[in-house]
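The values are calculated or read from the model by the stated rules, or taken from the named source; none is laboratory data. Quick caveat: nothing in here was measured; it's all calculated off a predicted structure. Methodologically, a virtual Cβ is constructed for each residue, glycine included, from the backbone with ideal geometry; neighbour enumeration extends over all protein chains shown.
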Amino acid sequence: MTEPFKKAFTEKDIKMNEIDKVFSKFKSGVYVVTTILDDVKHGWTISWCSKISFQPPLVMVSLGKNRKDHEKLMEAEVFAINVLGEKHLEVGRHFGLTNGENVNNFDGIDCIELETGSPILKDAAGSLDCKIVKTIDAGDHVIFIGEVLDVVNRDGDGLVFKTENFP
C-alpha cells in the first residue's frame, strides 16, 4: 500500500496566498526613509507608511528586518519620510533594491537638512522630519512611530506603489 498523498500546500499556505492577494490591492505610496548616524546617511525605499495622529503629529513607517542596515534607523532615533513624486521612480528603485547595496549611496542625490539632520531629498514631493517616539516589533518588520518636527511641501502628487516597478 502506498503512502497517503501529502498536500503540497497546507490550508494555512493557501490562506496566506489569498491574504497576500488582498494586501496587493492596498494602495500605498512610495517613500524613501532616511536617517543619519555617525555622519553616514542611510536610505530605504518603503511603501508602508501612514499618518496616525494629528495632535501631536505622528506618523509610522514599517521597515523589514531583512533590509540591509535596518538597525541603523533604531540607533539614529530620528528619520525623515520623503514622499516620492511621479517622476521619482528611479530614486525609489535606487534605495529599494532588496539587497540594500545602495542604502548608503547618496551620490548624485541632492539633499538638505532640517531639524534632525536626516537627509531630505531636495526634489521629493514632500518630506517630514521626525524623531522616533516608539518602536514596535511586528513579525518580519519593525514599526517606527515618529513625531513630526518639521516639514517641506512641494507641488506634485505622490508616486503610487506598483509591484512590477520594483522587481
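For this structure, a couple of remarks:
- Taking residues in region 18-36 that are at positive phi, and partners anywhere that are exposed (fewer than 11 other Cβ atoms within 10 Å of the Cβ) and modelled with pLDDT of 95 or more, not one pair has Cβ atoms closer than 9 Å while being at least 6 places apart or on different chains.
- Some residue of region 52-67 being among the aromatic types (F, W, Y) and either under 16 Å from the mean Cα position of the chain (by Cα) or crowded, with 22+ Cβ neighbours inside 10 Å (or both): no
- Exactly one residue out of I145, I120 is surrounded by 15 or more Cβ atoms within 10 Å (Cβ to Cβ), in contact with a Lys or Arg (Cβ under 6 Å, 6 or more places away or on another chain), in contact (Cβ under 8 Å) with a residue 12 or more places away in the chain and not in a loop (DSSP other than H, G, I, E, B), and it is I145.
- Lone qualifier among E113, E77 - being at pLDDT 90 or above, on the phi < 0 side of the Ramachandran plot, out of contact with any helix residue (DSSP H, G or I) (no Cβ under 6 Å at 6 or more places or on another chain) and acidic (D, E): E113
- The listed residues are T2, T34, and the only one of them that is at pLDDT below 80 and polar (S, T, N, Q) turns out to be T2.
- Cβ-Cβ under 8 Å pairs, at least 6 apart or on other chains, region 70-95 side assigned to a loop (DSSP other than H, G, I, E, B), far side acidic (D, E): E86/D157; H88/D123
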